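Data block below; observations after.
The values are calculated or read from the model by the stated rules, or taken from the named source; none is laboratory data. Because the structure is a prediction, the values reported are computed rather than measured. Using ideal geometry, Cβ is built from the backbone for each residue, glycine included, and neighbour counts are taken over all protein chains shown.
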Amino acid sequence: MQIRYITGSTAAAALLLVSLEACVTAPRTAFAQAPGAADCVVLIHGLNRSWRAMQPMAEALREAGFSTVNVDYPSQAGSIEILAPMAVDTGLADCREAGADRIHFVTHSIGGILLRYAHQASPIPELGRVVMLAPPNQGSEVIDITRNWPTTEIFAGEAGLQLGTDPDSIPRQLGPIDFELGVIAGTGSVNFFMSAMLPEPNDGKVSVASTRIDGMTDFLIVDNSHHFITESDVVIHNTSYFLKHGIFAESTMRASSQ
């Protein structure tokens with residue numbers, strides 16, 4: 001396995017550094033080449049997380065025959081408009097440099113919104129299949145309730161505050177899905193304070209209902225919390241299966257239609 005770390009350099013990142021008038025860590029990637037792989041997977045972590053949250057998934061996908069790019073980006077360093085191209089373009093650059101024919105994505109939480117925003121702004125021609133883990137596709141009721149609390153911006157950052165459920169929020173303004181998408185939602189909340197702000201069932205940060213989106217290819221509900229859903233063996237297995245076959249090995253959507 002070849003792993004290399006690359007400092008991302010994009011116009012958006014440069015503008016961010018100037019506008020914040022402070023030192024902001026630029027995105028970097030952990031690239032792992034799978035011998036003979038024509039497909040590459042970009043992994044994008046969630047808010048207040050790092051590449052480490054996606055590393056178990058990245059290692060499993062490499063063992064399954066995919067090259068992987070595990071992106072580490074500063075999730076509190078700006079708005080979705082700034083973070084989306086920063087994270088997505090950094091991952092795409094590595095996959096393209098490796099000569100990938102198709103580029104898939106696995107995202108956690110806000111990572112799915114960053115991908116949707118970036119793809120809508122600049123369509124990705126090589127885009128393959130996408131698995132979103134606990135994505136706030138319809139926004140988060142937690143942001144609606146806590147938006148004006150003194151500590152919310154500290155923990156959520158500018159991008160997190162854009163994840164409400166109102167019509168002007170970023171998730172609600174994004175267009176329809178035009179790619180193969182599998183969504184995995186969690187119900188194993190360990191954050192009972194936040195769970196009380198959300199419709200049931202939820203994972204402590206995002207309700208199951210909010211993860212859904214018209215046009216998704218498949219849907220799976222698992223008994224995992226928002227924080228730990230990226231490390232679940234069931235989630236990792238189904239993610240790999242979807243990237244290879246376009247459906248989950250276990251599907252809540254198919255089971256409910258039978």
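Per the listing Phe179, Phe242, the residue uniquely in contact with a Leu (Cβ under 8 Å, 6 or more places away or on another chain), aromatic (Phe, Trp, Tyr) and more than 23 Å from Asp144 (Cβ to Cβ) is Phe179.
Checking each residue in the stretch 158-217 for being within 15 Å of the chain's Cα centre (by Cα) and among the small types (Gly, Ala, Ser) picks out Ala159, Gly160, Gly182, Ala185, Gly186, Ser210.
Filtering the stretch 67-79 to residues that are surrounded by fewer than 24 Cβ atoms within 10 Å (Cβ to Cβ) and of a type outside the set (S, T, N, Q) leaves Pro74, Ala77, Gly78.
Yes or no, residue by residue, for (1) of a type outside the set (Gly, Ala, Ser); (2) surrounded by 20 or more Cβ atoms within 10 Å (Cβ to Cβ):
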{"position": "Ala32", "(1), (2)": "no, yes"}
{"position": "Arg49", "(1), (2)": "yes, no"}
{"position": "Thr90", "(1), (2)": "yes, yes"}
{"position": "Gly99", "(1), (2)": "no, no"}
{"position": "Ala118", "(1), (2)": "no, yes"}
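Per the listing Asn202, Asn137, the residue uniquely at pLDDT 90 or above, of a type in the set (S, T, N, Q), crowded, with 22+ Cβ neighbours inside 10 Å and farther than 21 Å from Ser79 by Cβ is Asn202.
Checking the conditions here, which among Ile221, Ile236 is within 18 Å of Ile44 (Cα to Cα) and of a type in the set (A, V, I, L, M)? After ruling out the rest, the residue left standing is Ile236.
Taken over the stretch 236-258, the criterion of being hydrophobic (A, V, I, L, M, F, W, C), touching a residue at least 40 places away in the same chain (Cβ under 8 Å) and farther than 11 Å from Gly182 by Cβ is satisfied by Ile236 alone.
If you check Ile103 against the conditions, is it modelled with pLDDT of 85 or more and closer than 21 Å to Gly160 by Cβ? Against the criterion (modelled with pLDDT of 85 or more and closer than 21 Å to Gly160 by Cβ), Ile103 does not qualify.
Between Thr146, Thr151, the distinction of being hydroxyl-bearing (Ser, Thr, Tyr) and surrounded by 15 or more Cβ atoms within 10 Å (Cβ to Cβ) belongs to Thr146 only. For the residues Glu97, Glu81, the requirement of being free of Cβ contacts under 8 Å to residues at least 12 places away in the same chain and closer than 19 Å to Pro27 by Cβ singles out Glu97.
Conditions (1) at pLDDT 95 or above; (2) of a type outside the set (A, V, I, L, M, F, W, C), marked per residue:
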{"residue": "Leu133", "(1), (2)": "yes, no"}
{"residue": "Asn148", "(1), (2)": "no, yes"}
{"residue": "Glu158", "(1), (2)": "no, yes"}
{"residue": "Ser169", "(1), (2)": "yes, yes"}
{"residue": "Leu220", "(1), (2)": "yes, no"}
{"residue": "Ser225", "(1), (2)": "yes, yes"}
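In the stretch 180-216, how many are in a loop (DSSP other than H, G, I, E, B) and touching a residue at least 12 places away in the same chain (Cβ under 8 Å)? Total meeting the criteria: 18. When the residues of the stretch 65-87 are filtered to those that are touching a strand residue (DSSP E or B) at 6+ places or on another chain (Cβ under 7 Å) and of a type in the set (Val, Ile, Thr), the one that is farthest from Ala159 (Cα to Cα) is Thr68.
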